[in-house]
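Let me begin by presenting the structure, written as structure tokens, before commenting on it.
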Amino acid sequence: MCCVCFFCACGLDVIKDIYADPVSDSNVPNNDSDFLHRSFEFSVQKLSNANNLGHTYVYYKIYNRNSTLNNEYNTLVGLLSDDTKKATSSTRMIDYGYKELKVKADGIASNDMESVTLSNGSHTVLIRLTKDAEGFDSRVDIDGAYAGVPCRTNGNSFNFFGIGDGNSATADFYKEPVSGDDDAKSLSSSPDAAKTYYVCLFSVFMNYDESYNPVYSPIHYLGQIKITD
């Protein structure tokens, strides 16, 4: 997953380069029903002037109204088109309630999870939040290697309605989001439809300045998927 090496920051060069976007997309899902297009796939390039404390993080948020997602998306992407405001995009994203995507290397029932992070270097990433067909399981792959099962901040699966395996031991991990969940703060009492949710992903690169204060890049939109029963 990620390897943190303690290395002294290199001053203003770090700050200058931290705002470069290291992410390039290879598949950006847009509420696709075709399981072949429901994975988030992207690559990350090394920022040459950033130190070894820098990492790329993946953030997500759950909605039950697509209009709410689109309104927040438009605000966030609008910040990226303004050079005087794009540095604030990460703060606005977090203010909207986006959370770091988690992964469990030992399966959804494991108590051990960590954030999906990528060290400052060249990486390829595939994230499939839900099981969409046989052979297309929920998974996180980094540099072609299986890293684990993606999960929410509460440890639950994005397969909100189960995966039909009849395993009662893991049933508690397959639950719909509810009002009050910290990763679903925009849930509406008037959803688009019953048992229908949307999950939107962004990435952001974070490093530290010479005083070890965190400094963030502008966010990068990775896509969104629709999850139904």
Q. Just one of S122, S110 is within 16 Å of P150 (Cα to Cα) and polar (S, T, N, Q); which is it?
A. S110
(Q) I'd like the full set of residues that are buried (at least 20 other Cβ atoms within 10 Å of the Cβ), assigned to a loop (DSSP other than H, G, I, E, B) and modelled with pLDDT of 95 or more, limited to region 97-112. (A) Y98, L101
Q: Restrict the check to region 133-143 and report whether at least one residue is in contact with a helix residue (DSSP H, G or I) (Cβ under 8 Å, 6 or more places away or on another chain), charged (D, E, K, R) and modelled with pLDDT under 95.
A: no
Q. On the given criteria, is G121 part of a loop (DSSP other than H, G, I, E, B), closer than 19 Å to T56 by Cβ, open to solvent by less than 20 Å² (accessible area, probe 1.4 Å) and not acidic (D, E)?
A. yes
Q | So D141, is it open to solvent by 70 Å² or more (accessible area, probe 1.4 Å), closer than 21 Å to E114 by Cβ and not in a loop (DSSP other than H, G, I, E, B) | A | no
Q. What number of residues within region 29-72 satisfy the criterion of being within 23 Å of F205 (Cβ to Cβ), surrounded by fewer than 16 Cβ atoms within 10 Å (Cβ to Cβ) and out of contact with any Gly (no Cβ under 6 Å at 6 or more places or on another chain)?
A. 3
Q) In region 62-93, what residues are under 15 Å from H220 (Cβ atoms) and not in a helix (DSSP H, G or I)? A) S81
Q: Inspect region 152-166 for any residue being closer than 19 Å to H220 by Cβ and part of a loop (DSSP other than H, G, I, E, B) and give the result as yes or no.
A: no
Q) Quick one: G164 ticks every box in (1) open to solvent by 70 Å² or more (accessible area, probe 1.4 Å); (2) modelled with pLDDT of 95 or more; (3) farther than 20 Å from N30 by Cβ bar one, so which box is it? A) (2)
Q | Total residues in region 200-229, condition of a type outside the set (D, E, K, R), assigned to a loop (DSSP other than H, G, I, E, B) and touching a residue at least 60 places away in the same chain (Cβ under 8 Å) | A | 4
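The values are calculated or read from the model by the stated rules, or taken from the named source; none is laboratory data. Keep in mind the model is a prediction, meaning the values are calculated, not measured. All Cβ positions, glycine included, derive from the backbone under ideal geometry; neighbour counts span all protein chains shown. Remember, those area values only see protein heavy atoms, side chains included, never the ligands or the DNA or RNA. Shrake-Rupley method; radii C 1.70, N 1.55, O 1.52, S 1.80 Å.
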